[in-house]
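In what follows, a structure is listed as structure tokens, so that the remarks can point back to it.
The values are calculated or read from the model by the stated rules, or taken from the named source; none is laboratory data. The model shown is predicted, which means the values in this text are computed figures rather than measured ones. Glycine also receives a Cβ, built like all others from the backbone with ideal geometry; neighbour counts cover every protein chain displayed. To get the accessible areas, we keep the full protein, side chains included, count just its heavy atoms, and leave off ligands, DNA and RNA. Shrake-Rupley method; radii C 1.70, N 1.55, O 1.52, S 1.80 Å.
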Amino acid sequence: MRSARGRVVFLSAFQDYRTKKRASVQQVADGARDLGYDVWFISTRYSMLSRRTGDSRLFLDEKSNVVEEVNGIKCFLWKTVLHPFASRNRILNAIMAWMFAPYASIPNSTFDSIITKAEYVVVESSVAAIFIPRIRKLSPNAKIIYYATDRLDTVGTHPTVQRQLISNAALLHHVSLRSAKMASDFQWAADRLYLAEFGIHPQDFEGIGPSPYSSRPTVVSVGSMLFDRQFFEKMPALFPDIDFHVIGCGEQISTAGNLYIYDEMPFKETLPYVKHATVGVAPYRAAPGVEYLADSSLKLAQYELFGLPAICPDFAVGNVSSRSGYTPGDAGSMHAATLRALSMTGAVTPRQFPTWREVADGILNSDNYPKSKVV
């Protein structure tokens with residue numbers, strides 16, 4: 001049955017609603033559902049090549065190209081024979097530049113049917129941006145929103161995607177930024193920039209289980225974005241009385257006696273590890289324009305939510321006093337940052353956040369939130 005509030009389609013090239021890892025786009029989708037919208041989630045840039053890259057969506061392969069409803073959200077993982085990608089090989093990268101337009105035009109009746117009936121299409125910052133002209137053709141009156149969770153060059157997206165995004169600026173209703181530090185990248189949409197905060201689902205944080213740790217002090221990290229393994233290769237040996245726990249980093253690290261590596265977990269299963277930790281760490285490696293992570297990092301926001309001191313590179317500290325910065329690759333700097341964070345244990349006031357339902361409404365209906373406009 002069609003929702004009275006209309007259909008919202010989320011389009012991503014990396015995320016699927018059903019993956020264990022929960023980025024903000026899945027949370028916003030939940031928020032839109034809770035507001036009463038008919039929510040669909042399309043995941044693209046998935047093909048036979050994905051098996052070679054260890055794609056987090058591989059467990060969904062048998063469900064690709066069919067619609068499945070999960071938690072009231074209709075999910076569609078579009079699998080093609082091949083997909084374009086960014087390469088470190090200059091010749092291959094040049095060839096790939098010509099592949100994005102044909103890829104965005106591959107016929108798919110399910111994709112087209114979903115988009116045709118959409119009132120809103122939220123395009124997550126990724127290769128998904130190449131579908132904007134197709135979206136507008138299929139649904140001339142849909143509000144197309146670019147949800148800028150990351151800078152494209154920071155996450156290594158092919159430069160062709162950025163060029164196509166800018167060339168299609170007129171097709172966008174507005175851009176929702178996870179960080180105001182990104183605003184300089186979007187001068188081509190300067191009159192349509194709005195800030196989208198981090199949110200929470202209050203029910204997710206009810207009844208969090210007991211501590212999974214021993215009585216020793218604990219440092220925890222969750223997630224794989226721009227993961228810099230050097231922190232965990234250097235620090236455990238310098239802090240033998242502290243346990244280091246790393247969840248879902250996507251890498252193999254030689255474990256010390258006090259270093260524990262876990263596979264990716266469902267979001268709720270990670271919460272006891274975060275809530276009961278002594279200190280959180282966001283071990284980002286440097287990348288172009290990475291400073292926006294000071295505002296957009298979900299793991300750093302979670303540490304604030306639980307009142308944890310945080311360790312992170314200097315570029316991600318921002319204006320948050322509970323974060324202790326270090327210079328990536330500098331063991332002495334990492335050591336000092338860890339000591340500073342440990343000294344703040346128990347002294348950090350938890351931060352309050354809006355709900356994802358409120359965040360979703362701001363993203364979909366930005367005109368109703370003039371205070372969130374970035375000027």
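Report the relative contact order of segment 193-334, percent, no decimals, based on alpha-carbon pairs under 8 angstrom and at least 6 residues apart. Could the numbers behind the result be given before it?
Working: 235 pairs, mean separation 32.9, N = 142.
Rounded, it is 23 percent for segment 193-334.
State the percentage of accessible surface on segment 218-375 attributable to carbon and sulfur atoms; use a 1.4 Å probe and exclude ligands, DNA and RNA. Kindly include the intermediate steps, with their values, before the conclusion.
Values: 3350 of 6640 Å².
Its accessible area is 50 percent carbon and sulfur atoms.
Divide by every residue of the chain the summed helix terms, -39500 (n - 2.57) for each DSSP H run of at least 4, and state the resulting mean residue ellipticity at 222 nm, rounded to the nearest 500 deg cm²/dmol.
Numbers: 12 runs with 99 residues, N = 375.
Using -39500 (n - 2.57) per qualifying helix, the result is -7000 deg cm²/dmol.
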### Query
Among L259, I145, L172, which residue has its Cα positioned farthest towards the positive end of the charge dipole of segment 123-260, with +1 placed on the Cβ of Lys and Arg, -1 on the Cβ of Asp and Glu, and the dipole taken about the Cα centre?
L172
### Cα-Cα pairs of the chain separated by more than 31 Å (percent)
36 percent
#### Entry: Reachable aspartates and glutamates, given that their alpha-carbon falls under 16 Å from the alpha-carbon of K299 and they are not under 8 places away in the same chain
D150, E197, D204, D228, E264, E269, E291, D314
#### Entry: Solvent-accessible ranking of K137, K143, K20, K268, largest area first, probe 1.4 Å
K137, K268, K20, K143
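Over the chain, give the accessible area per residue in Å² for a 1.4 Å probe, as an integer. Provide the component values of the computation, followed by the final result.
Working: 16230 Å² over 375 residues.
Solvent-accessible surface per residue comes out at 43 Å².
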### Query
Accessible area, 1.4 Å probe, largest first: how do W188, W98 sort?
W98, W188
#### Entry: Pair D314, M99: separation of 7 Å Cα→Cβ label points (nm)
3.9 nm
### Task
Would you work out the relative contact order for the chain, in percent, from Cα pairs under 8 angstrom that are 6 or more residues apart?
16 percent
### Query
Given a 1.4 Å probe and every protein chain left where it sits, what share in percent of the accessible area of segment 1-102 is carbon and sulfur?
56 percent
## Note on the structure
Residue separation between A286 and S333 times 0.36 nm, minus their alpha-carbon distance, gives in nm 15.4 nm
### Query
Per-residue accessible area for S343 at 1.4 Å probe radius, Å² rounded to 10?
90 Å²
### Dipole magnitude of the chain about its Cα centre (Cβ charges: Lys, Arg +1; Asp, Glu -1), debye to nearest 20
800 debye
### Task
With a 1.4 Å probe and all protein chains in place, put E304, E69, E62 in order of accessible area, largest first.
E62, E69, E304
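Quick check: residue separation of E251 and D367 times 0.36 nm, minus the Cα distance between them. What number comes out in nm? If you can, show how the numbers build up before the last one.
On the way: separation 116, 0.36 × 116 = 41.76 nm, distance 4.24 nm.
Working it through step by step, the gained length comes to 37.5 nm.
Evaluate the charge dipole of segment 57-156 about its Cα centre and quote only its size in Debye, nearest 20, assuming +1 on the Cβ of each Lys and Arg and -1 on the Cβ of each Asp and Glu. Mind showing how you got there, number by number?
Working: 12 positive and 9 negative charges, 62 e Å.
Taking the Cα centre of segment 57-156 as origin, the dipole is about 300 debye.
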### Message
Using a Cα-Cα cut-off of under 22 Å, which lysines could be cross-linked to K143, ignoring same-chain neighbours fewer than 8 residues away?
### Response
K74, K117, K371, K373
### Summary
The extension gain from T345 to Q162, computed as 0.36 nm times the residue separation minus the Cα-Cα distance, is 61.7 nm
